[in-house]
Amino acid sequence: MEIASRVRDGRLTASEVIDSHLDRIASVNPKVNAVTVTLESQARSAAAALDERIAAGEEPGPLAGVPITVKENIDLTWSATTSGLPFAAGNVPASNSSVVDRLLAAGAIPVGRGNMPDIGLRWDTDNDLFGRTVNPWDPARVPGGSSGGDAVAVATGMAAAGIGNDYGGSLRLPAHAAGIVALRPSAGRVPAPSKSVELLPLSIQHMAVNGPLARSVADLDLLFGVMHGADDFDPLSVSVPHYSSYDGVRRVAVTVDPAGWGVDPQVALAVRDAASALADAGWEVEEVAPPAVDRCAILWRQLSSTENAPMLLTPGVFPGPLSEGTVQYFQDNIAEVSLLDTSAAYQGAWAERFVHAAAWRAFHARYPVVLGPVITQPVPLIGFDLSGPEACTELWKSHRLLVTANFLGLPAVAVPTGMGGSRPSGVQVIARQNGEHIALAAARDIEAAFPAVTPVDPA
C-alpha cells in the first residue's frame with residue numbers, strides 16, 4: 001500500500017496522513033453520511049505514537065499509518081459497537097475484536113466507523129440511529145449494504161480501506177455500487193467481529209465473514225494477509241497459508257446470466273468485458289454455467305429467513321425496536337419464502353448444502369475461477385426493497401450469485417470494470433474454498449484492464 005510505504009521510509013508522517021484524511025472526512029462526510037463517528041482524537045494520538053516509534057527505529061508494520069474505517073458491528077474500543085441500533089448507542093466493547101487487534105498491530109489507524117443498516121439485514125444502508133448513507137455516484141440509488149458506510153468512505157477518499165462483513169453480499173454489493181474492490185473470504189479464514197460469545201444461528205456461523213474493502217486488489221491482498229488466521233476466541237476460525245501469487249490452472253467459467261433468470265444488458269456487457277480482459281491476460285475462458293445457482297440461492301434465502309424470523313419478529317428479543325424499514329423489509333421478504341418450519345425441512349436444507357458444495361468443489365477443479373455479475377440488475381433506487389414482497393423477490397433474484405458464494409462459504413472478489421454510463425460497472429470472481437489467492441489473481445488481471453474511478457467527489 002502506497003501510504004504505508006511512504007510512512008515507513010519517511011516521505012510522509014503518519015500524522016500528516018491522518019490529518020489529511022480527517023480533513024477529507026470533514027469536507028465530504030456531511031454530503032454522504034458514510035462515517036458515523038469520527039475518531040479524531042484517538043486517530044491523532046495513534047499517529048503520533050507511530051511516528052515516535054518510527055523515529056526510534058522500530059518496525060511500524062505493513063499497514064503503517066494507513067487510515068481505515070471499521071463497521072459499526074465490529075468491536076473497536078474507541079467507540080460503541082451499535083450495529084446501527086439506537087438502543088445500542090452506549091455499547092462500548094470491553095476489548096477489540098481480534099481482527100481489529102491485528103490491524104492495529106500492523107500499523108493501521110481507524111479514523112471512523114462505517115454506517116450500516118440495523119444488524120446488517122438489508123441490502124441498503126439506513127438506520128434510525130445515524131440515518132442514510134448516500135451513494136456518491138447517484139443519490140437516488142442505494143449505496144448497497146450492509147457495509148455501505150465503509151464502501152462509500154473508501155470510494156470518496158475518506159479512508160484508504162474499510163473493514164466490514166458479508167452474510168449475503170454485504171462487502172461485494174456496496175463495493176460494486178461505489179466502484180471499489182472487496183474480498184469476501186472463505187468461511188473461517190478471518191475471525192469473528194467480537195471476542196464475546198453469543199448464540200448464533202447456523203447460517204451466520206457458516207455464511208457470514210469479515211473482510212476488507214479497498215481501492216486496489218493489491219491492497220485487498222495486503223489487508224487479508226494481516227486479518228486472516230485462527231484465534232482463540234472464534235472456534236470456527238482456521239489457519240490456512242495465504243499465498244501471494246497463483247501459478248495453477250488458469251481456466252475461467254463465465255456465467256453471464258446465472259441460473260438463466262435474466263440479466264440487464266449493461267451488466268452482461270461488464271461480464272463479457274471482464275472475460276475479454278482475462279483472456280488477454282492468458283486465462284482460458286469458457287462460457288459455462290456453474291452448478292445449481294438456483295438451488296443455492298433458494299436455500300440461502302430459506303435458511304437465512306427461517307433462522308432470523310424468531311429474532312426479528314418475536315417481541316422482547318431486542319431491548320429496543322428495530323427501524324420500520326428493517327421490519328417491513330423482513331416481513332415482505334418472508335411473505336415470499338417457504339420457511340423451513342419442520343425439523344425434516346430444516347435438516348434437509350443443510351443436507352442439500354453438502355451436495356451442492358461437493359458439486360462446486362468438482363467444478364472448481366476444472367474451472368478454478370467463476371466469473372459473473374455482482375448483481376444482475378442495476379443498483380436499485382432508494383425504497384425499491386420496501387415496495388412490496390414481489391420487489392423483495394426480484395431483488396434477491398438479482399443477488400443470486402452473491403448469496404451462492406455465501407451459502408457455500410466460498411471466497412469472492414468484487415472488482416470494477418470502469419464506468420457503465422454515469423455509474424461504476426463491475427463483476428465478481430469466485431474461487432474454491434480457501435482459494436483467496438486464486439480469486440485475487442483473477443481480479444488483479446481484470447483490474448489492470450480498466451482505469452480506476454475513485455476517489456470520487458459526491459455527485
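Here are some notes:
- Taking the criterion of being of a type in the set (A, V, I, L, M, F, W, C) and surrounded by 14 or more Cβ atoms within 10 Å (Cβ to Cβ), the residues of the stretch 334-365 that qualify are Ile334, Val337, Leu339, Leu340, Ala349, Trp350, Ala357, Ala359, Trp360, Phe363.
- Exactly one residue out of Ile430, Ile438 is closer than 25 Å to His206 by Cβ, crowded, with 22+ Cβ neighbours inside 10 Å and touching a Leu at 6+ places or on another chain (Cβ under 6 Å): that is Ile430.
- Evaluation of Leu220 against (1) over 28 Å from Trp350 (Cβ atoms); (2) touching a helix residue (DSSP H, G or I) at 6+ places or on another chain (Cβ under 9 Å); (3) surrounded by fewer than 16 Cβ atoms within 10 Å (Cβ to Cβ) (one fails), failing number: (3)
- Condition met for Asp234 (among the acidic types (Asp, Glu), under 20 Å from the mean Cα position of the chain (by Cα) and surrounded by fewer than 22 Cβ atoms within 10 Å (Cβ to Cβ)): yes
- In the stretch 252-272, the residues that are closer than 16 Å to Val415 by Cα and surrounded by fewer than 20 Cβ atoms within 10 Å (Cβ to Cβ) reach residues that are among the polar types (S, T, N, Q) and at pLDDT 95 or above with C-beta atoms within less than 8 angstrom, at least six apart or across chains, in these pairs: Gln266/Ser425; Leu269/Ser425.
- Between Val190, Val111, Val154, Val197, the distinction of being in contact with a helix residue (DSSP H, G or I) (Cβ under 8 Å, 6 or more places away or on another chain), among the β-branched types (Val, Ile, Thr) and in a loop (DSSP other than H, G, I, E, B) belongs to Val190 only.
- Within the stretch 45-78, the set of residues being open to solvent by 50 Å² or more (accessible area, probe 1.4 Å), at positive phi and touching a residue at least 24 places away in the same chain (Cβ under 8 Å) is empty.
- Looking only at the stretch 33-47, and only at residues there that are outside any strand (DSSP E or B) and in contact with a Ser or Thr (Cβ under 6 Å, 6 or more places away or on another chain), the one that is farthest from Ala175 (Cα to Cα): Ala47
- Of all residue pairs spaced 6 or more apart or on separate chains, those with beta-carbon atoms under 6 Å, a first member in the stretch 354-369 that is farther than 18 Å from Gly282 by Cα and a second member that is among the hydrophobic types (A, V, I, L, M, F, W, C) and in a helix (DSSP H, G or I) are His356/Cys296; Ala357/Leu408; Trp360/Leu408.
- Every residue from the stretch 200-222 that is assigned to a strand (DSSP E or B) and either of a type in the set (Gly, Ala, Ser) or free of Cβ contacts under 8 Å to residues at least 24 places away in the same chain (or both): Gly211, Ala214
- Qualifying residue in the stretch 79-88 (condition: open to solvent by less than 10 Å² (accessible area, probe 1.4 Å), out of contact with any Leu (no Cβ under 6 Å at 6 or more places or on another chain) and either farther than 30 Å from Ser304 by Cα or assigned to a strand (DSSP E or B) (or both)): no
- Residue count for the stretch 273-320, restricted to those that are open to solvent by 40 Å² or more (accessible area, probe 1.4 Å) and either touching a Phe, Trp or Tyr at 6+ places or on another chain (Cβ under 6 Å) or in a helix (DSSP H, G or I) (or both): 11.
- In the stretch 89-108, residue nearest to Glu324 (Cα to Cα) [restricted to those that are assigned to a loop (DSSP other than H, G, I, E, B) and open to solvent by 10 Å² or more (accessible area, probe 1.4 Å)]: Ala89
- Test for Leu220: is it of a type outside the set (Ser, Thr, Tyr) and closer than 20 Å to Ile119 by Cα: no
- Check on Ser15, part of a helix (DSSP H, G or I), among the polar types (S, T, N, Q), open to solvent by less than 40 Å² (accessible area, probe 1.4 Å) and touching a Lys or Arg at 6+ places or on another chain (Cβ under 9 Å): yes
- Residues that are polar (S, T, N, Q) and over 13 Å from Ala89 (Cα atoms), drawn from the stretch 116-132: Thr125
The values are calculated or read from the model by the stated rules, or taken from the named source; none is laboratory data. Just so you know, these numbers come straight off a predicted model, no measurement behind them. All Cβ positions, glycine included, derive from the backbone under ideal geometry; neighbour counts span all protein chains shown. Each accessible area value is taken on the protein alone, full model and side chains, heavy atoms only, with ligands, DNA and RNA left out. Shrake-Rupley method; radii C 1.70, N 1.55, O 1.52, S 1.80 Å.
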